[in-house]
Amino acid sequence: MRVLMVEDHEELALTVAAGLRREGMAVDVVFDGHAALERAAANAYDVVVLDRDLPGVHGDEVCRTLTDGGCPARVLMLTAAGTISDRVTGLGIGADDYLPKPFAFAELVARVRALARRARPALPPVLVRGGLRLDPSTRVATRDGRRLVLSPKEFAVLELLLAAQGAVVSAEQLLEQGWDEFADPFTQTVKVTISRLRRKLGDPPLIETIPQAGYRI
């Protein structure tokens, strides 16, 4: 899951982003509306967490521009104004969900996950294939009943492969959806993560390498 965090309060933005990364999400952070529009045009995001009161370009205008431009990302709008009329206005300009400040981090995570599920083709809440069982909401993965101890990136890659439902996922897709903007596209990070994941999954092997194409389960 790839998330764009747009919040002009830098400490809050970085704190929330760090928390979302601990939840296994790839998170990019910007602090104003202009940067948000530039980043959304350049990258494919599942969810945009958008502060309404932004400098440069107001959050309302950012939301309208994303919606009118056909951006597939879901928008979760944040604001210190929590009246009913504010929420109605936010939803009316294209936001998919609305969360007033201050908010509980656990609720933010739950809402981001719910929006991400709506941003792509419908998937079952628990992904199951070949003895593998992965529950994104509880962050638990098992194989034949044995719990797997996975790093956030290993979990993210496994989730992406299972969500593909047997289709091939390229290394570029894994890098784009599982890592943030600071990932070096020329590194072997995907290959290394796949290798570690294979060891943890054990035998018989489940992750198949498709030459010149990518990986699949």
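The values are calculated or read from the model by the stated rules, or taken from the named source; none is laboratory data. What you are looking at is a predicted structure, and each value in this text was computed from that prediction instead of being measured. FYI the Cβ positions are ideal-geometry reconstructions off the backbone, even for glycines, and counts take in every protein chain you see. Heads up: the accessible areas ignore ligands, DNA and RNA and are worked out on the full protein's heavy atoms, side chains in. Shrake-Rupley method; radii C 1.70, N 1.55, O 1.52, S 1.80 Å.
Spin-label model, residue 151/residue 138: points 7 Å from Cα along the beta carbon direction are separated by 2.5 nm.
This model, with +1 at the C-beta of Lys and Arg and -1 at the C-beta of Asp and Glu, gives the chain a dipole about its Cα centre of some 1400 debye.
If R0 is 25 Å, the Cβ-Cβ spacing of residue 80 and residue 114 corresponds to a FRET efficiency of close to 0.65.
In the context of the full set of protein chains, residues of the chain present 49 Å² of accessible surface per residue (probe radius 1.4 Å, heavy atoms only).
Kirkwood Rh and Cα-based Rg: tell me the resulting Rg over Rh for the chain, rounded to two decimals.
1.00
Accessible surface for residue 46 stands near 20 Å², nearest 10, in the context of the full protein assembly shown (1.4 Å probe). DSSP beta bridges fully contained in the chain are about 40 percent antiparallel. For the pair residue 15 and residue 173, label points projected 7 Å from Cα toward Cβ lie 3.8 nm apart. Surface composition of the chain: carbon and sulfur make up 55 percent of the accessible area, probe 1.4 Å. With contacts taken as Cα pairs under 8 Å at a separation of at least 6 residues, the chain carries a relative contact order of 18 percent. Quick one: check the C-alpha center-to-center distance for region 139-208 versus region 16-61, whole angstrom. So the two Cα centres are separated by 25 Å.
A full extension of the chain between residue 207 and residue 64 corresponds to an added length of 47.4 nm, given 0.36 nm per residue minus the alpha carbon distance.
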